[in-house]
Each structure stands twice: as C-alpha cells, then as structure tokens.
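Reviewing the structure listed below.
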Amino acid sequence: MHIGVEYFVSVSAIVFGIGMFGVFTRRSPLILLLSVELMLNSCNLTLIAFSRYWGEQSGQVFALIVMGIAASEVVVGLGLVVAVARRKAELDVDRLTALRH
Amino acid sequence: MTYDIVFVAASALAIASALGVVLSVNPFYSALSLIMHLVSLATMYLLLQADFLAAAQVIVYAGAVMIMFLFVIAYLGNRADEPTRDIPLWQLGAAVVAGSAVVIEIVVAVASQAFGPGATVTDQFGNPSLVADSFFSRYLLGFEATSILLLVAAVGAVVLGSKRPSPRVDEPDAFPAPRTQPELELQAAVMGAETAFPVHHVPRKDEDEN
C-alpha cells in the first residue's frame, strides 16, 4: 500500500467534518473555539500534504500563516470569553445574542 | 512499511482525539484531547517532510496556545461547563448531515482523481532555512500581514482583559469611578442638571475614614 496524498487529504476531511459537527452542536464558546481549531488544523494538514506532493515550499509557508491566524483567533476568543464571564453572563452561545448583556 | 504503520497510527489517533474534543462533556478533557490531536498531526507533518512545521506545531500550538486554553478553563472553573439544556434533534441531525456531507464530498473528489507518487524532493525539503527562504522573499507581504494581525490581536486582548469593564447603560453606577469636583461640574454643564450626577462634594473612601 502506497500512502499517497489522497490518504492525508481524506484524514483531514474527516477531522474537518468532526470540527464542523462540534461547531454546530456544542454550546460552550470554549468548545466552539476548540472545534474551530480542529478545522484550521485539518486545513493545515491538507496544505502540507499538497506541498509535499508538488514539491513546493509555499504550502508550508501558508500553513505557518494559518497557525498565526489560529493563535490570534484564540487570543481574541478567549479574551471575549473571559470578558463575558466577568460580567456574570451565562456562557452559552445560543443565549449570547446581544452585544451588551 | 514503517511509514504505513506510523501513518495509520497517527491518523487513527488524530481522528479519535478529534472525536474526544467534540464529544467530551468536561471542557478540560476536550482541551487535553486537542493537545493529543495536535501531537498526532505533528507526526503526520513529519511523514510529509515538514520538519520545521512539526516542531512549531508542538512548541507553539500544543505548548503555548493550549496552555492558555487550559488556563482559561481552570480560571472559569465550573462555569466553563456545557449548559445542560438538550440539543434539539433537528440540530443534531443537521450537524451530522453537514459534517458527513463535507467528508463524503472531499473523499469522493479525492478518490476519483489519480494522484501520482508525488514530486521527488531532496532531504532538505521542509527544513527551517528553506522555509525561511520563501517566507522572507516571495511571501514577505504575508509575513508582515501576519505580524500586524498578531499585534492587533494582542492589543485587542489587552483591551478586552483590562481591569474595569465599561459601565452598563442602564446601571451607570455598576462600576463607579472616583470622580473629582471639576469633572462633576463639567458633566452637569454638558448634560443638564437633571440628568447628571448631583453636583456636590462626593466624599471619597479615604476621606470617610477621617
């Protein structure tokens, strides 16, 4: 069995689907952020797999940029979660519909 | 052969821990599963000769970012737990359909293509100096944009996490700031006497004790 790029892409598709399921079903904003991380990482895997397939470095560069974007997303997301929690609001994305509580 | 075994083990672990992230009730276990997921993805990056990215994944992601996550979960304590209401069945069904639709689409699209064995690359492929070469020449603009994005995110986090939340509109005294006499007079002049705070000397805490 030769493990080609298609296996890596399939694994990343499965992980992306799992992350999507998590975003749709979970209510806690923390778990939502974790699920978004799953989706971003599966995209990273695809980028790196195709970068190896074509013998091009650019895919790895883009994966690094995606890592930076994921880091800033976590920073802002966790900042929002802590700010909401400090104002004694319930941490439930279905109830947090207004910009002010 | 070793390659195949490592791939199968890493991908099984990645999928299992991704399920753990989504299905755990305790957010702490979700975060720990995500760390395991990131480490198994780093193993797959090594199989794809992305050495530098594998190292960055473990150090930056599994190290720094996830520690921040765990810190916030521990800070929130039991308030980080999932709200206990039941998920409506249609939402669960829609989530399963949407998630599996993406998976099936991509797997079918990939399986219908005949991928060759891939380009032959040297051992140097993916080492830090080569990645840095393209990062700092051809993709310099992306690098600078990412650095500005990180700076903006850091500033935003500081603003969000600053000590005093802005007072609510309906409760102006929720977070009272110590006011000075000239400030109150100015406010009275601007807003009109009936809406402003009463213009008299407000004793501050340190003065009360005298």
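For segment A:55-62, indicate whether the set of residues that are modelled with pLDDT under 95, within 21 Å of B:GLY20 (Cα to Cα) and not small (Gly, Ala, Ser) is non-empty. There is no residue in segment A:55-62 that is modelled with pLDDT under 95, within 21 Å of B:GLY20 (Cα to Cα) and not small (Gly, Ala, Ser). Of the residues making up segment A:72-89, those that are part of a loop (DSSP other than H, G, I, E, B) and more than 7 Å from chain B (Cβ to nearest Cβ) are A:LYS88, A:ALA89. Name the residue that is farthest from the chain's Cα centre (by Cα), counting only residues in segment B:10-69 that are among the β-branched types (Val, Ile, Thr) and closer than 22 Å to A:ILE14 by Cα. Among residues in segment B:10-69 that are among the β-branched types (Val, Ile, Thr) and closer than 22 Å to A:ILE14 by Cα, the one farthest from the chain's Cα centre (by Cα) is B:THR43. Of the residues screened, B:ALA80 is not one that is of a type in the set (Gly, Ala, Ser), at pLDDT 90 or above, farther than 24 Å from B:ALA50 by Cβ and within 24 Å of the chain's Cα centre (by Cα).
Does segment A:15-33 contain at least one residue that is more than 7 Å from chain B (Cβ to nearest Cβ), more than 25 Å from B:ALA74 (Cα to Cα), touching a residue at least 12 places away in the same chain (Cβ under 8 Å) and surrounded by fewer than 20 Cβ atoms within 10 Å (Cβ to Cβ)? No, because not a single residue in segment A:15-33 is more than 7 Å from chain B (Cβ to nearest Cβ), more than 25 Å from B:ALA74 (Cα to Cα), touching a residue at least 12 places away in the same chain (Cβ under 8 Å) and surrounded by fewer than 20 Cβ atoms within 10 Å (Cβ to Cβ). Whenever a residue of segment B:111-125 is over 14 Å from A:VAL9 (Cα atoms) and among the aromatic types (Phe, Trp, Tyr), its partners that are modelled with pLDDT of 80 or more and in a loop (DSSP other than H, G, I, E, B), lying with C-beta atoms within less than 6 angstrom and at least six residues away or across chains, give the pairs B:PHE125/B:GLN49. For segment B:89-121, taking the residues that are at the interface with chain A (Cβ under 9 Å from one of its Cβ atoms) and of a type in the set (Ser, Thr, Tyr), the one that is surrounded by the most Cβ atoms within 10 Å (Cβ to Cβ) is identified as B:SER100. Just one of the numbered conditions (1) more than 24 Å from A:PHE21 (Cβ to Cβ); (2) surrounded by fewer than 17 Cβ atoms within 10 Å (Cβ to Cβ) is not true of B:VAL131: (2).
The values are calculated or read from the model by the stated rules, or taken from the named source; none is laboratory data. Note that the structure is a prediction, hence the values are computed from the model and not measured. Glycine gets a Cβ as well: all are built from the backbone with ideal geometry, and neighbour counts include every protein chain shown.
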